[in-house]
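Asks: Could you have a look at this structure, given as structure tokens, before my questions?
What follows draws every value from the coordinates through simple rules; no lab data is involved. Everything numeric here is computed off the predicted structure, so don't read it as measured data. Because the Cβ atoms are built from the backbone with ideal geometry, glycine has one as well, and the counts that use them run over all protein chains shown.
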Amino acid sequence: MYNTILSVHSYLAYAALGLLFIATINAIFGLTSKGLFKSKDRSISLFALIVCHMQLLAGLMLYFVSPLGLESFGQMKEAALRLTSLEHPLINIIALTLITIGWSKHKKEESNNGKFKKIAIFYTLGLLLILSRLPWANWLN
């Protein structure tokens with residue numbers, strides 16, 4: 001079970017990061033070009049939000065079955081274990097909260113520029129937080 005959840009979490013991470021990057025770039029281009037917020041823009045942002053939430057669910061399941069998750073929570077002196085048991089989950093929850101806030105705030109905006117701005121700001125912050133706490137050593141092996 002552990003290996004299956006780990007595989008799902010690992011592969012889904014690529015999709016989540018890719019879609020989040022695309023949604024962020026799309027929003028920045030829309031903001032700078034002062035374009036219309038079309039259904040394609042909404043779809044890109046929504047798919048990024050959905051896949052990021054799916055990634056969070058897979059990550060939470062993994063957290064409770066992994067020896068690097070909850071089991072190693074008390075070993076904060078070791079940087080690698082602190083990253084996987086505290087920093088990675090906590091920062092990613094904060095990042096996903098920001099992404100969700102950006103999605104919610106864009107729906108309340110009337111102007112096209114405002115919609116792009118909300119998504120650009122909150123999705124970019126979320127993406128930067130996620131990238132800051134990825135366990136790169138585990139990914140690059």
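Asks: Before anything else, pin down the relative contact order of the chain: Cα pairs under 8 Å, at least 6 apart, normalised by residue count, whole percent.
Replies: 30
Asks: A further question follows. So what's the back-of-envelope 222 nm ellipticity for the chain, counting only DSSP H runs of four-plus at -39500 (n - 2.57) apiece and dividing by all residues, rounded to 500?
Replies: It lands at -26000 deg cm²/dmol.
Asks: Going by C-beta contacts inside 10 Å, put Glu87, Glu110, Glu78 in order with the fewest on the left.
Replies: Glu110, Glu78, Glu87
Asks: Which whole number in µm²/s is D for the chain by Stokes-Einstein, with the Kirkwood Rh taken over Cα pairs at 20 °C and 1.002 mPa s?
Replies: 136
Asks: How far apart, in nanometres, would the label points at Gln75 and Trp136 be if each is projected 7 angstrom from Cα along the Cα-to-Cβ direction?
Replies: Result: 2.3 nm between the two label points.
Asks: Taking 0.36 nm per residue of sequence separation and subtracting the Cα-Cα distance, how much length would be gained by fully extending the chain between Leu86 and Ser111, in nm to one decimal?
Replies: Fully extending the segment from Leu86 to Ser111 adds 5.1 nm.
Asks: To make sure I understand the rule: partners must be lysines, Cα under 26 Å from the Cα of Lys115, and not fewer than 8 residues away in the same chain. Which ones qualify?
Replies: Cα-Cα hits under 26 Å: Lys34, Lys38, Lys40, Lys105, Lys107.
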